[in-house]
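After the structure tokens below, expect a handful of questions from me.
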Amino acid sequence: MSRALPSIGVLLMAHGSPTGPEDLEAYYTRIRRGRSPSADLLTEVAARYEAIGWSPLDELTRRQADGLQTRLEAIAPGRWRVYVSMKHAAPFIGDVVRRMADDGIAEGVGLVMAPHYSRMSTGTYFEHAEEARRALPRPFPMAYVERWGEHPAFLDAVAERLAAALAELPSAIRAETPVVFSAHSLPERVLTWGDPYPDELRRTAAEVAKRVGVQRWTLAYQSAGRTSEPWLGPDVRDEVRRLHAAGGRGVVSCPIGFVADHLEVLYDLDIELRDLCACLGMRFVRAASLNDHPRLLDALADLVGRRT
């Protein structure tokens with residue numbers, strides 16, 4: 001007897017990254033909405049990718065998808081199929097939605113690998129998916145998981161990583177060392193929309209701090225775009241300088257806005273922020289990224305299961 005085809009497709013959406021120097025110009029042209037990057041910018045960005053050995057994001061996203069598939073199979077064998085898609089790199093979101101239709105998927109669940117909602121960030125992933133879905137000859141229904149930054153299993157996973165990072169500090173300075181939670185910055189104009197992004201980040205930070213028993217913590221932003229308009233702050237580097245000026249001897253970095261290692265973590269924090277701390281004479285420790293942490297995968301499976 002042949003096995004029935006999965007009826008529910010899970011559209012797992014991530015940012016995507018260039019796989020090597022040959023992809024860099026096209027990748028940044030897409031990010032810049034068709035505007036080609038300057039030669040100077042390409043040289044600078046290429047040096048950053050070289051410094052981290054290029055990005056592991058695509059491989060990590062596939063590992064996350066495999067872990068999610070395994071958990072969904074344990075719930076109901078053969079019912080779900082997880083599809084990996086990317087916003088700025090192949091396989092593109094629209095192409096994957098069309099493949100889901102060709103595979104005979106009857107309904108879909110869309111999930112962005114970013115825990116906090118903003119119309120300007122996660123909202124654009126949904127727009128890409130919806131544009132492709134509506135253009136199908138026979139559109140299948142699609143539900144979306146808009147936010148999951150307060151899911152208990154996600155919070156538990158982050159708390160575990162943070163506790164491990166704190167344990168790396170000497171006991172004499174552990175209690176007094178502040179935790180700097182961070183997430184990708186967005187243009188300040190999102191605030192005029194009543195965008196929930198900053199509030200969602202603060203709630204996640206507060207819940208993680210509570211789980212670990214951290215008393216001293218702050219929220220900052222990182223990796224702002226190079227545009228003339230103001231972006232959400234404080235920038236994580238400015239926050240570290242402020243802590244140093246107040247007598248701080250160390251800092252623990254916890255990037256709650258990201259769930260996998262990539263350029264914004266491996267370079268902006270592990271190299272750029274670490275170097276700043278070294279120049280200031282401050283101890284630097286970063287909480288490890290979740291990547292394919294079992295509790296993260298538990299959270300994703302629960303989120304998908306509750307949308308079907």
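Find the residue count for region 1-16, including only residues that are at pLDDT 95 or above and open to solvent by 10 Å² or more (accessible area, probe 1.4 Å).
Taking region 1-16 first, the residues at pLDDT 95 or above are 8-16.
Subset that is open to solvent by 10 Å² or more (accessible area, probe 1.4 Å): 15.
Number satisfying all stated conditions: 1.
From T29, T19, T43, grab the single residue that is of a type in the set (S, T, N, Q) and in contact with a Ser or Thr (Cβ under 6 Å, 6 or more places away or on another chain).
Working: T19 fails: in contact with a Ser or Thr (Cβ under 6 Å, 6 or more places away or on another chain); T43 fails: in contact with a Ser or Thr (Cβ under 6 Å, 6 or more places away or on another chain).
Just one listed residue meets the conditions, T29.
Which residues, taken from region 5-61, are among the aromatic types (F, W, Y) and closer than 26 Å to R99 by Cα? Walk me through how you get there before you give the answer.
Taking region 5-61 as the starting set, the residues that turn out to be among the aromatic types (F, W, Y) are 27-28, 49, 54.
If the condition is that a residue be among the aromatic types (F, W, Y) and closer than 26 Å to R99 by Cα, then Y27, Y28 are the ones that fit.
Which of the residues belonging to region 60-92 are touching a Lys or Arg at 6+ places or on another chain (Cβ under 9 Å) and part of a helix (DSSP H, G or I)?
Q69, L72, E73
I would also like to ask the following. I'm trying to understand the selection: among the residues of region 145-192, which are loosely packed, with under 13 Cβ neighbours inside 10 Å, modelled with pLDDT under 95 and either outside any loop (DSSP other than H, G, I, E, B) or charged (D, E, K, R) (or both)?
Of everything in region 145-192, those that are loosely packed, with under 13 Cβ neighbours inside 10 Å, modelled with pLDDT under 95 and either outside any loop (DSSP other than H, G, I, E, B) or charged (D, E, K, R) (or both) turn out to be S171, A172, I173.
If you scan region 44-103, which residues turn out to be among the polar types (S, T, N, Q), in contact with a helix residue (DSSP H, G or I) (Cβ under 9 Å, 6 or more places away or on another chain) and surrounded by 19 or more Cβ atoms within 10 Å (Cβ to Cβ)? Write out each step before concluding.
First, the residues of region 44-103 that are among the polar types (S, T, N, Q): 55, 61, 64, 69-70, 85.
Among the residues that remain, those that are also in contact with a helix residue (DSSP H, G or I) (Cβ under 9 Å, 6 or more places away or on another chain) are: 55, 64, 70, 85.
Hits for region 44-103 are S55, Q64, S85.
Taking region 211-222 as the search range and keeping residues that are free of Cβ contacts under 8 Å to residues at least 40 places away in the same chain and more than 27 Å from P37 (Cα to Cα), which one is least open to solvent (accessible area, probe 1.4 Å)? Break it down into steps so the answer makes sense when it comes.
The initial filter retains those residues of region 211-222 that are free of Cβ contacts under 8 Å to residues at least 40 places away in the same chain, namely 213, 217, 219, 221.
Retained after the next criterion (residues that are more than 27 Å from P37 (Cα to Cα)): 213, 217, 219.
Numbers: G213: 50, W217: 93, L219: 25 Å².
The qualifying residue least open to solvent (accessible area, probe 1.4 Å) is L219.
Checking the conditions here, which among V259, V285 is touching a helix residue (DSSP H, G or I) at 6+ places or on another chain (Cβ under 8 Å), in a loop (DSSP other than H, G, I, E, B) and either closer than 30 Å to D58 by Cα or open to solvent by 30 Å² or more (accessible area, probe 1.4 Å) (or both)?
Numbers: V285 fails: in a loop (DSSP other than H, G, I, E, B).
Being touching a helix residue (DSSP H, G or I) at 6+ places or on another chain (Cβ under 8 Å), in a loop (DSSP other than H, G, I, E, B) and either closer than 30 Å to D58 by Cα or open to solvent by 30 Å² or more (accessible area, probe 1.4 Å) (or both) holds for just one of V259, V285, which is V259.
Please enumerate the residues belonging to region 219-233 that are at pLDDT 95 or above and in contact with a Leu (Cβ under 9 Å, 6 or more places away or on another chain).
Passing the criteria: L219, Y221, Q222, S223, A224, W231, L232.
Output yes when any residue across region 130-144 is farther than 27 Å from S85 by Cβ, hydrophobic (A, V, I, L, M, F, W, C) and open to solvent by less than 20 Å² (accessible area, probe 1.4 Å), and no when none is. Break it down stepwise before answering.
Our first condition is that a residue be farther than 27 Å from S85 by Cβ; within region 130-144, this holds for none.
No - not one qualifying residue is present in region 130-144.
Looking only at region 288-308, count every residue that is assigned to a loop (DSSP other than H, G, I, E, B) and among the β-branched types (V, I, T) and tell me the total.
Residues in region 288-308 being assigned to a loop (DSSP other than H, G, I, E, B) and among the β-branched types (V, I, T): 1 in total.
Determine whether D195 is assigned to a loop (DSSP other than H, G, I, E, B), open to solvent by 10 Å² or more (accessible area, probe 1.4 Å) and modelled with pLDDT of 95 or more. It would help to see each step written out before you state the result.
Numbers: assigned to a loop (DSSP other than H, G, I, E, B): yes; open to solvent by 10 Å² or more (accessible area, probe 1.4 Å): yes; modelled with pLDDT of 95 or more: yes.
For D195, the condition - assigned to a loop (DSSP other than H, G, I, E, B), open to solvent by 10 Å² or more (accessible area, probe 1.4 Å) and modelled with pLDDT of 95 or more - is met.
Which of (1) within 22 Å of L297 (Cα to Cα); (2) in a loop (DSSP other than H, G, I, E, B) is the odd one out, the single condition L136 does not satisfy?
(1)
Six or more apart or on different chains, Cβ atoms under 6 Å: show the pairs whose first residue is in region 276-296 and in contact (Cβ under 8 Å) with a residue 60 or more places away in the chain and whose second is of a type outside the set (A, V, I, L, M, F, W, C) and part of a strand (DSSP E or B).
That search, which allows pairs on different chains as well, returns R283/G250; R286/S253.
Quick check on my filter: what residues within region 198-210 are of a type outside the set (A, V, I, L, M, F, W, C) and surrounded by fewer than 16 Cβ atoms within 10 Å (Cβ to Cβ)? Talk me through it step by step, then tell me what you get.
Step one: of region 198-210, the residues of a type outside the set (A, V, I, L, M, F, W, C) are 198-200, 202-204, 207, 210.
Those that are of a type outside the set (A, V, I, L, M, F, W, C) and surrounded by fewer than 16 Cβ atoms within 10 Å (Cβ to Cβ): D199, R202, R203, K210.
Can you tell me how many residues in region 29-43 are assigned to a helix (DSSP H, G or I) and open to solvent by 40 Å² or more (accessible area, probe 1.4 Å)? Spell out how you get there, then give the answer.
Going residue by residue through region 29-43, those that are assigned to a helix (DSSP H, G or I) are 29-31, 39-43.
Still in the running and open to solvent by 40 Å² or more (accessible area, probe 1.4 Å): 30-31, 39-40, 43.
The qualifying residues number 5.
Next up: Within region 223-250, can you find the residues that are closer than 18 Å to L280 by Cα, open to solvent by 70 Å² or more (accessible area, probe 1.4 Å) and outside any helix (DSSP H, G or I)?
Selection gives A246, R249.
Hey, among the residues in region 106-127 that are part of a loop (DSSP other than H, G, I, E, B) and open to solvent by less than 10 Å² (accessible area, probe 1.4 Å), which one's farthest from L201 (Cα to Cα)?
Step one: list which residues in region 106-127 are part of a loop (DSSP other than H, G, I, E, B), which gives 106, 113-121.
Subset that is open to solvent by less than 10 Å² (accessible area, probe 1.4 Å): 115-116, 118.
Values: P115: 9, H116: 7, S118: 11 Å.
That would be S118.
The values are calculated or read from the model by the stated rules, or taken from the named source; none is laboratory data. Since the model is a prediction, treat every value here as computed from it, not as a measurement. Note that each Cβ is placed from the backbone with ideal geometry, even for glycine, and that neighbours are counted across all protein chains shown. Side chains are part of the model used for accessible areas, which takes the heavy atoms of the whole protein and leaves out ligands, DNA and RNA. Shrake-Rupley method; radii C 1.70, N 1.55, O 1.52, S 1.80 Å.
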